[in-house]
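Colleague: What follows is a single structure, and I will ask about it in a moment.
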Amino acid sequence: MTPPVMAAPPDHPVAAAAERRHGQGRPCVITRRASFSASHRYWLPELSAEQNLARFGACSLDPGHGHNYELIVAMGGGLDADGMVLNLSEVKHAIREQVTAQLDFRCLNQAWPEFDLSSPEGMLPTTEALALAIWRRLAPHLPLMGLRLHETEHLWADVLGDSMEAFLTIRTHFAAAHRLARPELSPEENDAIYGKCARPHGHGHNYLLEVTVRGAIDPRTGMVCDLAALQTLVDQLVVEPFDHTFLNKDVAHFATTVPTAENIALHIADLLSSPIAGLGAALHKVRLQESPNNAAEVFAEVPQLGMKPLALDVLAAA
Ligand SMILES: [Zn+2]
Ligand SMILES: [Zn+2]
């Protein structure tokens, strides 16, 4: 005979387990993607036409140009009784109401007062300034953990809180050959370690390079650093000397250091760290993708940042 079902007292383990049904209370991070198209123009009224052109290049041209933006929103919290961090329809509604319905097919300089440059508080609508403005508009409605805003597949910004700090990533590529072998070892030993990568005449890859910098957004230019200057640094210090080379022979560092993806990423971080500091930002991360199947990442400043790289990884995996 089965015993009668009786309600357990609230502090009883059975009651506690019942409350945790559907994962209630367990922490989780969710992401939601949204997109919008908008135009913008980089033009500061306190500068002359020549100064605007010199400073912002083609981005200063009248009447502006546009991008297809992609936004990724990371949110975290304990699951509710329905097994969700948040009801997705509420997430969709908040993002549409607060962001995409206001910006889609609009000119950013006019859509939000944050980007009204006739006001002294106005900021240029750069990728990082727009990401921060979106954070401030979504934060009252959603439990944000991080935002990533792609302007193009070669440029995106991350913000992780309501501060002026942002991360800006540029993506570029180069093609190079290499051979993985340690000269002090025999061919058999190198073959055992590096396999086909140790074959005597080398092989090549189309490397994808992502460089992430961290810095404070300038309250007027909306930039963590001069984007054109950052792109020039990466071109001059990495892409130009590495592209279409045999790394072991053409880049001095790899005459004595085996050019694994890890070592190439570390060397790129060493090359870029001080020059990027000279632009007023900090090199945060170098990611080098060697093939669709393998990549190396170097965090240039992890100890100071605690959990932040993990929040960025959530956005990267979305
Ligand atoms: Zn633009
Ligand atoms: Zn290789």
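The values are calculated or read from the model by the stated rules, or taken from the named source; none is laboratory data. Quick caveat, the model's predicted, so the values are computed rather than measured. Glycine also receives a Cβ, built like all others from the backbone with ideal geometry; neighbour counts cover every protein chain displayed.
Colleague: Filtering the stretch 149-163 down to residues that are under 16 Å from Ala216 (Cα atoms) and of a type outside the set (A, V, I, L, M, F, W, C), which residue is nearest to ligand 2 (Cβ to nearest atom)?
Modeller: Checking each candidate, the answer is Asp158.
Colleague: Here is a further query. Does Val213 fit the bill of being part of a strand (DSSP E or B), touching a helix residue (DSSP H, G or I) at 6+ places or on another chain (Cβ under 7 Å) and modelled with pLDDT of 95 or more?
Modeller: yes
Colleague: Next up: Please enumerate the residues belonging to the stretch 233-261 that are part of a loop (DSSP other than H, G, I, E, B) and in contact with a strand residue (DSSP E or B) (Cβ under 8 Å, 6 or more places away or on another chain).
Modeller: Within the stretch 233-261, Asp243, His244, Val251, Pro259, Thr260 meet the criteria.
Colleague: Checking Met164 against (1) within 30 Å of Ser60 (Cβ to Cβ); (2) buried (at least 21 other Cβ atoms within 10 Å of the Cβ), only one condition comes out false. Which one?
Modeller: (2)
Colleague: If you go through the stretch 56-83, how many residues are within 16 Å of ligand 1 (Cβ to nearest atom) and touching a residue at least 12 places away in the same chain (Cβ under 8 Å)?
Modeller: 15
Colleague: Where the second residue is aromatic (Phe, Trp, Tyr) and the first is in contact (Cβ under 8 Å) with a residue 12 or more places away in the chain and lies in the stretch 266-279, which pairs have Cβ atoms under 8 Å and are six or more apart or on separate chains?
Modeller: His267/Phe254
Colleague: Would you tally the residues in the stretch 174-183 being in a loop (DSSP other than H, G, I, E, B) and either within 16 Å of ligand 2 (Cβ to nearest atom) or modelled with pLDDT of 95 or more (or both)?
Modeller: Residues in the stretch 174-183 being in a loop (DSSP other than H, G, I, E, B) and either within 16 Å of ligand 2 (Cβ to nearest atom) or modelled with pLDDT of 95 or more (or both): 4 in total.
Colleague: Further question on the same structure: Yes or no: Arg171 more than 16 Å from ligand 1 (Cβ to nearest atom), outside any loop (DSSP other than H, G, I, E, B) and either at pLDDT 95 or above or crowded, with 18+ Cβ neighbours inside 10 Å (or both)?
Modeller: no
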